[in-house]
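A.B. asks: One structure, as structure tokens, below. Some questions next.
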Amino acid sequence: MSRIARALISVTDKTGLLEFAKGLAVHGVEIISTGGTARLLRENGLTVKDISELTGLPEMLDGRVKTLHPAVHGGILGRRNLESHRKTLEQHRIQWIDMVVVNLYAFEEVASRPQTNFEELIENIDIGGPSMIRSAAKNFQDVAVVTAPANYPVILDEMSRLSGQLSAETRWRLAQQAFALTARYDSAIARTLAGLDCTGKRIATPSEIFPEELNLRFQKLAILRYGENPHQKAALYATAGNQNTGIARARQLQGKELSFNNLVDLEAAWELAQEFSQPATAIIKHTNPCGCSMQATLSESYIKAFETDPVSAFGSVLGFNRPLDGPTAEEVAKTFVEAIAAPGYSTEAREKLAGKKNLRLIEIATSKSLENELHLEQVSGGLLVQDKDRHELRREDLKTVSKKQPTEEQISTLLFAWKVAKHVKSNAIVYARDGQLVGVGAGQMSRVDSVRLGASKAILPLAGTVVASDAFFPFADGVEEAAKAGAVAVIQPGGSVRDEEVIAAADRLGIAMVLTGIRHFKH
């Protein structure tokens, strides 16, 4: 080990930097720095040598070139134990650099901002930083590379104990962190640029959404108590760069630790609630809706959602598309609920739910940056990747194929039922009335069984309901069963070889039928 005599510091994230630099100065370390970092250190009384004093050249091209020089990389990459390296550096008057303290332009943060333009995105691709990090990490035997403020106190402590030196084990650990950082950084750039054309416009052809090599970056947030079952291990990872957005980075305001199953159900509840523009409530049990309603007020939407199936609502997870208010919280407090996902909570709501110590309250921030997230499904030996099902059905997309025309009120409810059906496991059947879910048939192997199950589960009257089917009716029996239960209108994709028979059954039974031309399988 040799004493750290000279450090090059150039950081974007200046958290803890002053304390660290002052600690280095105490150990007699000469500090070389660049731009804003050098300015900050000088303003706080530290002696700093500009990088231009090493290179003999000023920073140029608007800061694009400042550290890309043999006087910098030679000082970092030179091997102390090689006579040829020592002579070369002496010949060219290049000074040894024993520590490199660098973190990178915040590319992912900039890329996540909706207002970021293409030029700004490109300018936030760091060149000099990754180059110095990789050089220092490659030469870890002689150089310490520091890329995270969290390491500052540990490094200063070890230097104090080892008379200004760092152990080989510490330098190796820092190098491992450095290589992981540059790998993540390059992956983030490649992933972001893969979705853009050369002018910065987003492109959507399959070959461009799905590159030949898929580089994914996730950051571990927590080890969970267990997975779906107690014998399974589990952890929570978040998409890197999407700060404080989505379920993964939601803010927990109250309650017990979130479980694997809580998180899966919270995602299902949140996604369904976000389908609606009016105040809406989604009640989820094992990822399937057991209640859902869209009404004039949030409290009314919850009450009607709860009415769908109060038994299944016990121990459920709730999703709201409006901040939870006092009246709604008062209703929620009447039953046992595992967790709630909402964009916010009023003071009154927090007070009414404070007594339920185990109830998990999750505050979720929405973000445009999540709209282009891909849906990933692991299979043995590989990964299935698709874009998320974001299709929104409009009234003008509907095609009425029955003799009986749906009323305006029925059309509104058919569209509501269609949104709910999108979030029910296939084969999915949904009964609804007046913006309220009435019955659900989920995950059955035959569609007619889903129709029967949805009717048998219904507590509310089925007379006058509409029915939504996530995929076409392969036979007329499903429509016949729905009509027998009391349904008066049906929405379905169409496309079966027996469409004519199915439509004829609707006409024979005197019910309205509209086709969407699109299905919503959810496996």
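Rule-based calculations on the coordinates, nothing more; no lab input. Since the model is a prediction, treat every value here as computed from it, not as a measurement. When we count neighbours, we look across all protein chains shown, and the Cβ atoms used for this are built from the backbone with ideal geometry, even at glycine.
A.B. asks: How far, in degrees from 0 to 90, does helix 168-193 lean away from the longest principal axis of the Cα atoms of the chain, to the nearest 10?
C.D. replies: Tilt relative to the chain: about 50 degrees.
A.B. asks: What are the ³J(HN,Hα) couplings of segment 464-471, residue after residue, when phi is run through the Karplus curve with 6.51, -1.76, 1.60 and θ = phi - 60°? Round to Hz, x for glycine and proline.
C.D. replies: x, 7, 10, 10, 10, 10, 5, 9
A.B. asks: 7 Å from Cα along Cα→Cβ at both Thr347 and Phe521: what's the point-to-point distance in nm?
C.D. replies: Inter-label distance under the simple model: 5.2 nm.
A.B. asks: If you look for lysine pairs in segment 250-366 that are eight or more places apart or on different chains, how many of them have Cα atoms under 16 Å apart?
C.D. replies: Going through segment 250-366 pair by pair, I get 6.
A.B. asks: Further question: Give me the compactness ratio for the chain, meaning the Cα radius of gyration over 2.2 N^0.38 Å.
C.D. replies: Normalised Cα radius of gyration, the chain: 1.27.
A.B. asks: Can I ask one more? If you take every DSSP beta bridge whose two residues both sit in segment 250-366, what share of them, in percent to the nearest 5, is antiparallel?
C.D. replies: 60 percent
A.B. asks: If you count the DSSP beta bridges with both ends in segment 311-441, what percent of them are antiparallel, to the nearest 5?
C.D. replies: The antiparallel fraction comes to roughly 55 percent.
A.B. asks: Of the beta bridges DSSP finds with both residues in the chain, what % are antiparallel, to the nearest 5?
C.D. replies: 55 percent
A.B. asks: For segment 250-366, just the Cα set please: Rg and Dmax, both in angstrom.
C.D. replies: 12.1, 33
A.B. asks: Amide H neighbours of Arg6 under 5 Å, counting only residues 5+ apart in sequence or on other chains, H built in-plane at 1.01 Å?
C.D. replies: Glu30, Asp98, Met99
A.B. asks: What does the highest-first list of 224-233, 501-510, 158-167, 281-290 look like by mean Cβ count within 10 Å?
C.D. replies: So the order, starting with the most tightly packed, is 281-290, 501-510, 158-167, 224-233.
A.B. asks: Which lysines, if any, have their Cα less than 26 Å from the Cα of Lys138, not counting same-chain residues under 8 positions apart?
C.D. replies: Lys14, Lys49, Lys66, Lys87, Lys220
A.B. asks: Here's another thing I want to ask about it. Cβ under 13 Å from Gly75's Cβ, Gly75 left aside: what net charge do those residues give with Lys, Arg +1 and Asp, Glu -1?
C.D. replies: With Lys, Arg at +1 and Asp, Glu at -1, the net is +1.
A.B. asks: Checking the a/c ratio against 1.5 first, then a/b against b/c, what shape does the Cα gyration tensor give for segment 395-515?
C.D. replies: Since a/c stays below 1.5, the shape of segment 395-515 is classed as rounded.
A.B. asks: Grab the beta carbon distance between Ser84 and Ser277, set R0 = 56 Å, and tell me the FRET efficiency rounded to 0.05.
C.D. replies: According to the calculation, E is roughly 0.20.
A.B. asks: Given the peptides 320-333, 175-188, arrange them by the average over their residues of other C-beta atoms within 10 Å, most packed first.
C.D. replies: 320-333, 175-188
A.B. asks: Here is a further query. Can you tell me the order of 2-10, 76-84 when each peptide is scored by its average per-residue count of other Cβ atoms within 10 angstrom, highest first?
C.D. replies: The packing order, highest mean first, is 2-10, 76-84.
A.B. asks: Pairing the Cα long axis of helix 128-138 with the longest principal axis of the chain, what angle in degrees results, from 0 to 90 and rounded to the nearest 10?
C.D. replies: On a 0 to 90 degree scale, this one is about 70.
A.B. asks: Pull up all non-local amide H partners of Tyr237: gap of 5 or more, or a different chain, and H-to-H distance under 5 Å with H placed in the peptide plane.
C.D. replies: Leu221
A.B. asks: Explain nothing, just the number: dipole magnitude of the chain about its Cα centre with +1 on each Lys and Arg Cβ and -1 on each Asp and Glu Cβ, in debye rounded to the nearest 20.
C.D. replies: So the dipole magnitude of the chain works out to roughly 1160 debye.
A.B. asks: Quote the relative contact order of the chain in percent (integer), defining contacts as alpha-carbon pairs under 8 Å separated by 6+ residues.
C.D. replies: Relative contact order, the chain: 9 percent.
A.B. asks: Across segment 38-43, in residue order, what do the Karplus-derived ³J(HN,Hα) couplings come to in whole Hz, using 6.51 cos²θ - 1.76 cosθ + 1.60 with θ = phi - 60° and x for Gly and Pro?
C.D. replies: 4, 4, 4, 5, 5, 4
A.B. asks: Can you give the FRET efficiency to the nearest 0.05 for Ser160 and Glu109, using r as the Cβ-Cβ distance and R₀ = 30 Å?
C.D. replies: After rounding to 0.05, the efficiency reads 0.35.
A.B. asks: Which lysines, if any, have their Cα less than 25 Å from the Cα of Lys403, not counting same-chain residues under 8 positions apart?
C.D. replies: The reachable lysines, counting only those whose Cα sits under 25 Å from Lys403, are Lys419, Lys484.
A.B. asks: Here's something else I'd like to know. What per residue convex hull volume, in Å³, do the alpha-carbon atoms of segment 6-193 yield?
C.D. replies: Here the figure is 122 Å³ per residue.
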